[in-house]
1. Taking the range 192-242, which GluC sites (Glu not before Pro) meet the DSSP loop condition and have no more than 12 other C-beta atoms within 10 Å?
2. Under 5 Å between amide hydrogens, which residues at least 5 positions from T223 or on another chain qualify, with H placed 1.01 Å from N in the peptide plane?
3. Can you compute 3J(HN,Hα) from phi for each residue in the range 208-213, using the Karplus curve 6.51 cos²θ - 1.76 cosθ + 1.60 with θ = phi - 60°, rounded to whole Hz and x for Gly and Pro?
4. Which links in K111/K148; K144/K173; K111/K163 stretch past 25 Å when you go from one Cα to the other?
5. State the extension gain, in nm to one decimal, for the chain segment bounded by A92 and T205, taking 0.36 nm per residue of separation less the distance between their alpha-carbons.
6. For a quick check of your reading of the filter: which chymotrypsin sites (Phe, Trp or Tyr not before Pro) in the range 146-243 sit in a DSSP loop and have no more than 14 other Cβ atoms within 10 Å?
7. Fewest Cβ neighbours within 10 Å first, please rank V154, V178, V186 accordingly.
8. What are the ³J(HN,Hα) values, in whole Hz, obtained from phi via the Karplus relation 6.51 cos²θ - 1.76 cosθ + 1.60 with θ = phi - 60°, for each residue of the range 120-132 in sequence order, with x given for Gly and Pro?
Amino acid sequence: MKKTFHFLAFSSLVISMLFTSCVATKKFKASEAKVSMLQIDSTKTHGQLADCNDKVKDLNDQKTSLLNENALVNNDLKALSAESQMTIADQAKRLKKLQDMIQSQKDVMTKLKNTIADALMNYKTDELSVYTKDGMVYVSLAEKLLFKSGSDVVDPKGKEALKSLAQVLNSTKNITVVIEGHTDNVPIKTQLFKDNWDLSTARATSIVRFLTKENGFDSSRITSSGRGEFHPVQSNETAEGRAGNRRTEVILSPDMKELFKLLNQ
């Protein structure tokens, strides 16, 4: 009976110890899982904190950039404000000066046109014409006055007209000259000229050489160009129209430097 009692007591103690051990193991594992979760949460929290710090840095950078831009805008506004201090009287004075300059140039070009027309008055209207267009003076010289058909050699009668023109040009300052050669649309191909481009350019260059080398006009104030048949003033469907298109134009322009300088002030 005693043995049985002792056995039961020992068994009860063992079972109690095993039960206690199982409970402790479960608690340990639960604690271990909790610690693991806490570590995960801590890592996640640190990551979120790092992201927040980055965002704060970006916001500070944007704030600095905006402050810099605002300073630049304020500087521009101050500059514009200073520029706008020009009084109405100053603006009126500048406008009057501009109008006077434009009118003066118009007067110069009108006088130049009349002087050239007087110098060339002995020539017929089908040989040359003098007119103004877009603030410039045009002297349009017909082919029959200057050249033989298909040639770029200036005829003696044409040289006399150009000599009279050169005298006026040499006595007029502050103008620039462009010589433009024009043809009709009839194709040309010779040993000297491949096409109408060649012919019109060669004719313009011949006149430039005559005005500069033989009559002393300033080479830095003159330009030559050939425009072929591409800028007709009459129809090429008739012989009369084609004759009108075969021309050389002397285009006189006023010097615009002072005007541009005033506009840019």
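The numbers here are math on the coordinates, done by the rules we state, and not lab data. Please read all numbers here as calculations on a predicted model, not as lab measurements. Here the Cβ positions follow ideal geometry from the backbone for every residue, glycine too, while neighbour counts run over all protein chains shown.
1. Sparse-neighbourhood loop GluC sites (Glu not before Pro): E237.
2. V177, V178, I179
3. 4, 4, 5, 5, 8, 7
4. Beyond 25 Å: K111/K148; K144/K173.
5. Taking A92 through T205 to full extension adds about 36.1 nm, to one decimal.
6. F230
7. Going from sparsest to densest Cβ surroundings: V186, V178, V154.
8. Karplus-based 3J(HN,Hα) across the range 120-132 equals 10, 5, 7, 9, 6, 5, 7, 9, 7, 9, 10, 7, 10 Hz.
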